[in-house]
Amino acid sequence: MNAAPALLGYAAAVGILAPRLMTRDNWTHRAPALAVTVWLTLAGSFSLCLALGALHLATPHAHLHGVIYTCRVALGIDSPSSAVPDYAGHAAAGTVAAALVTAFALCVRRARAIRSRHRRVLDLVGRPSAELRATVLEHAAPVAYCLPGHRPRIVVSTGAVTLLSGKQLDAVLEHERAHVVGRHHLVLAAVEAFAAVFRRLPLAAVMRRHVPLLLEMVADDRALRGAERDVLATAMYEMAAAAVPEGALGAGGQSVVVRLQRILAPARSTNLTARACIVASALLVALLPVLVVCPPALVPGVDLTLLPR
């Protein structure tokens with residue numbers, strides 16, 4: 001039995017139906033870090049299904065255990081005497097992986113170039129502050145953002161330093177440090193790469209809209225570890241209109257209204273049981289394609305060399 005129909009059908013379900021389930025309830029706002037993980041898991045599962053589906057579609061004679069057998073031959077466990085490599089199938093699967101890796105590399109490279117140019121400008125017009133652990137920029141408007149990457153830098157304007165209280169400024173800077181420590185720029189690059197490869201896929205479009213907001217919520221939660229809710233909310237309100245340069249991540253922006261509502265009127269947090277169910281479901285979604293393709297490997301005593309290839 002060829003696995004291509006099952007794999008491609010499963011990919012269609014993940015790519016079309018999963019976004020509707022993810023956005024049906026506001027649990028993602030209650031557990032934003034977990035939600036980001038689930039979004040990335042769905043994207044990975046879809047990509048895996050598509051690659052394996054393309055492999056089996058290009059290899060009509062392949063059976064469900066074909067991938068495991070190929071791995072066993074490569075490791076020297078089985079004899080390849082009767083195994084004829086099917087280059088078309090491997091090329092089809094490799095194309096999916098190569099497209100995603102290339103798109104991710106291009107997104108990272110482009111963002112790195114933009115941030116490098118911005119850092120050179122900051123070296124000329126900004127001044128480092130050891131007290132704030134940030135670069136202070138002479139600007140009347142209250143602005144704070146970070147330039148993540150190999151040489152991360154947090155930038156705050158003199159307008160923000162003047163306008164915000166000490167606690168408010170600390171909360172904003174902690175928000176920016178959360179972006180840097182969490183390497184959120186790489187998550188955004190992965191999302192952009194997936195959306196670039198699968199432009200018309202609902203999963204890619206919805207994930208591209210939701211993940212940036214969820215990452216801001218993750219940074220908000222990090223800032224709330226050392227600040228009161230009204231302190232962070234006031235600081236965010238004061239900086240709501242701040243424009244963030246391209247390639248940077250900032251506390252202000254268009255998502256402030258939703259985040260303010262979340263901070264000032266927090267919903268009941270997702271309980272441990274619900275989190276466990278979400279994690280189990282995400283793992284099942286990720287592993288199911290492998291289980292579909294390789295069921296004989298899970299049956300004790302089955303010799304894959306005896307199965308038809």
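The values are calculated or read from the model by the stated rules, or taken from the named source; none is laboratory data. All values reported here derive from a predicted model rather than from experimental measurement. Here the Cβ is made from the backbone with ideal geometry for all residues, glycine too, and neighbour counts use every protein chain on show.
Looking only at the stretch 122-166, how many residues end up being of a type in the set (Phe, Trp, Tyr) and modelled with pLDDT under 90? Write out each step before concluding.
Just the residues of the stretch 122-166 that are of a type in the set (Phe, Trp, Tyr), to begin with: 145.
After this cut, where a residue has to be modelled with pLDDT under 90 as well, the list is none.
Qualifying residue count, the stretch 122-166: 0.
Out of the helices (runs of 4 or more DSSP H) lying entirely within the stretch 172-276, which hold 2 or more residues that are within 27 Å of ARG117 (Cβ to Cβ)? Step through it out loud before you land on a result.
Values: elements: 184-197, 202-223, 229-238, 256-264.
By residue number, 184-197, 202-223.
Residues are listed down the side, and each one gets a yes or a no for (1) surrounded by fewer than 19 Cβ atoms within 10 Å (Cβ to Cβ); (2) under 24 Å from the mean Cα position of the chain (by Cα):
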| site | (1), (2) |
| --- | --- |
| ALA91 | yes, no |
| GLY94 | yes, yes |
| ALA98 | yes, yes |
| ALA130 | yes, no |
| GLU138 | yes, no |
| CYS146 | no, yes |
| SER157 | no, no |
| ASP170 | yes, no |
| ALA178 | no, yes |
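How many residues are surrounded by fewer than 22 Cβ atoms within 10 Å (Cβ to Cβ) and in contact (Cβ under 8 Å) with a residue 24 or more places away in the chain when one looks only at the stretch 4-14? Show your work before the answer.
So the first thing to find is which residues in the stretch 4-14 are surrounded by fewer than 22 Cβ atoms within 10 Å (Cβ to Cβ), and the list is 4-6, 8-9, 12-13.
Checking which are in contact (Cβ under 8 Å) with a residue 24 or more places away in the chain leaves us with 4, 6, 8.
Qualifying residue count, the stretch 4-14: 3.
Taking the stretch 159-168 on its own, how many of its residues are surrounded by 23 or more Cβ atoms within 10 Å (Cβ to Cβ) and among the basic types (Lys, Arg)?
Residues flagged as surrounded by 23 or more Cβ atoms within 10 Å (Cβ to Cβ) and among the basic types (Lys, Arg) within the stretch 159-168 amount to 0.
What pairs can you find where one residue is in the stretch 17-30 and in a helix (DSSP H, G or I) and buried (at least 18 other Cβ atoms within 10 Å of the Cβ), the other is basic (Lys, Arg) and at pLDDT 85 or above, and their Cβ atoms are less than 8 Å apart, with a gap of 6+ or different chains?
Close Cβ pairs (under 8 Å, with a partner that is basic (Lys, Arg) and at pLDDT 85 or above) amount to HIS29/ARG262.
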